[in-house]
Structures are given as C-alpha cells and as structure tokens.
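Here the structure comes first, spelled out in structure tokens, and everything after it is commentary.
The values are calculated or read from the model by the stated rules, or taken from the named source; none is laboratory data. Remember, it's a predicted structure, so these values are computed and weren't measured experimentally. Using ideal geometry, Cβ is built from the backbone for each residue, glycine included, and neighbour counts are taken over all protein chains shown.
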Amino acid sequence: MTPARGSRRRSALPKTIVLFVNGTLMRGEPLHGNLAGAKFLGSAETAPRYRLFSVNDVHPAMLPQTSGPGAAVQGELYQVSMKQLAATLDGEPPGLGLGVVELANKELCLGVCWVSSRMPPKSRDISKFGGWREYKRSVPSRDRTSRR
C-alpha cells in the first residue's frame with residue numbers, strides 16, 4: 001500500500017523494551033517462567049523514590065512514593081518483545097501492571113508496578129528491606145514454622 005500523498009511515513013515501532021521486575025518474575029521466583037525467551041540484562045536498583053509492599057506475603061507491590069522519603073528497590077532488568085510483555089502482564093496478579101520506573105542511574109524504563117487505586121487489606125510496607133528477596137529472607141519459612 002502506498003502512503004497517501006503528503007503523508008509522512010511513520011517510523012517502525014520498537015520491537016523490544018527494557019522491563020524492570022522486582023518480585024515473583026525474578027530468577028528463581030514462581031512466575032519467572034512467564035519471562036520465557038526474555039533476555040536477562042542484569043540486576044538493577046530503582047532511584048530512592050518508591051515504596052514496596054508485601055501483598056499477603058505472596059508477591060510484592062511497588063509504587064511511587066508521593067510524599068516523604070522513598071526507598072530504592074532491588075530488581076532485575078529484561079529485554080522483552082511486545083508479545084512477551086503482553087503474555088507476562090496477562091500472568092501477573094490482579095493490581096499489578098506497567099509503570100515508568102526511574103533507575104538509580106536516572107534512566108527510565110517500564111516496570112511492573114502496583115496500578116490499582118487501593119492496596120489489599122493484608123499488605124504491609126516492606127520498603128526497609130530494599131527488595132522482595134531481602135524481605136523473604138527475613139520471614140521464617142512457613143514449612144519450618146508449621147512443623148513446630
């Protein structure tokens with residue numbers, strides 16, 4: 001199809017994006033398989049402007065801190081295709097979606113963030129741990145506590 005006279009040819013859309021993940025999508029976590037085929041780019045940390053919550057101790061929820069001090073959050077960067085991104089988001093727990101994330105080096109990328117207007121009742125602020133893995137290491141294993 002020939003472009004209409006006088007119209008500009010649009011440049012191609014990006015084939016991949018960089019995605020920051022901070023919880024159950026990270027290597028070794030339960031939903032990491034949802035990133036199948038994505039390229040691991042390395043560990044990363046956000047700028048200190050976020051809060052991190054544990055949602056029922058099942059997954060984290062990161063959101064920008066709107067007032068007061070924020071915290072840096074540990075995570076991982078992946079290069080994903082748009083198809084992989086769509087599949088990844090389809091597998092995320094309710095309330096999680098995409099947001100723009102500022103990394104510690106001041107670069108911006110897309111990231112998995114809490115996008116719902118409310119936090120679930122059984123969520124708690126775990127920002128002081130600096131990351132989901134760090135928080136999980138601090139919580140006694142359910143297996144160990146259930147054997148007592």
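For segment 66-77, enumerate the residues that are assigned to a loop (DSSP other than H, G, I, E, B) and in contact (Cβ under 8 Å) with a residue 40 or more places away in the chain.
Initially, segment 66-77 is screened for residues assigned to a loop (DSSP other than H, G, I, E, B), giving 66-70, 72-73.
Listed by number, the residues that qualify are G70, A72, V73.
Counting just the residues of segment 27-48 that are without any contact (Cβ under 8 Å) to a residue 40 or more places away in the chain, more than 12 Å from the chain's Cα centre (by Cα) and not in a loop (DSSP other than H, G, I, E, B), which one comes out surrounded by the most Cβ atoms within 10 Å (Cβ to Cβ)?
Top of the filtered list is L41.
How many of the residues making up segment 85-99 are small (G, A, S) and within 17 Å of L63 (Cβ to Cβ)?
Total meeting the criteria: 3.
Which one of the conditions (1) closer than 23 Å to G95 by Cα; (2) part of a strand (DSSP E or B); (3) polar (S, T, N, Q) does T24 fail to meet, given that it meets all the rest?
Only one criterion is unmet by T24, namely (2).
I'd like the full set of residues that are surrounded by fewer than 20 Cβ atoms within 10 Å (Cβ to Cβ), within 10 Å of S127 (Cα to Cα) and either in contact with a Cys (Cβ under 7 Å, 6 or more places away or on another chain) or not aromatic (F, W, Y) (or both), limited to segment 49-70.
G70
Residue under question is Y78, and the condition is that it be in contact with a Pro (Cβ under 9 Å, 6 or more places away or on another chain), at pLDDT 95 or above and under 20 Å from M26 (Cα atoms); does it hold? Spell out the reasoning first.
On the way: in contact with a Pro (Cβ under 9 Å, 6 or more places away or on another chain): no; at pLDDT 95 or above: yes; under 20 Å from M26 (Cα atoms): yes.
Judged against the criteria, Y78 is not a match.
Do you know which of the residues in segment 78-111 that are assigned to a strand (DSSP E or B) and not aliphatic (A, V, I, L, M) is farthest from N34 (Cα to Cα)?
Step one: filter segment 78-111 for residues assigned to a strand (DSSP E or B), giving 78-81, 96-103, 108-111.
Remaining after also requiring not aliphatic (A, V, I, L, M): 78-79, 81, 97, 99, 102, 109, 111.
Working: Y78: 12, Q79: 13, S81: 13, G97: 14, G99: 18, E102: 23, C109: 19, G111: 15 Å.
Among those residues, the one meeting the criterion is E102.
Pick from G99, G131: which is modelled with pLDDT of 95 or more and closer than 17 Å to S43 by Cβ?
Just one listed residue meets the conditions, G131.
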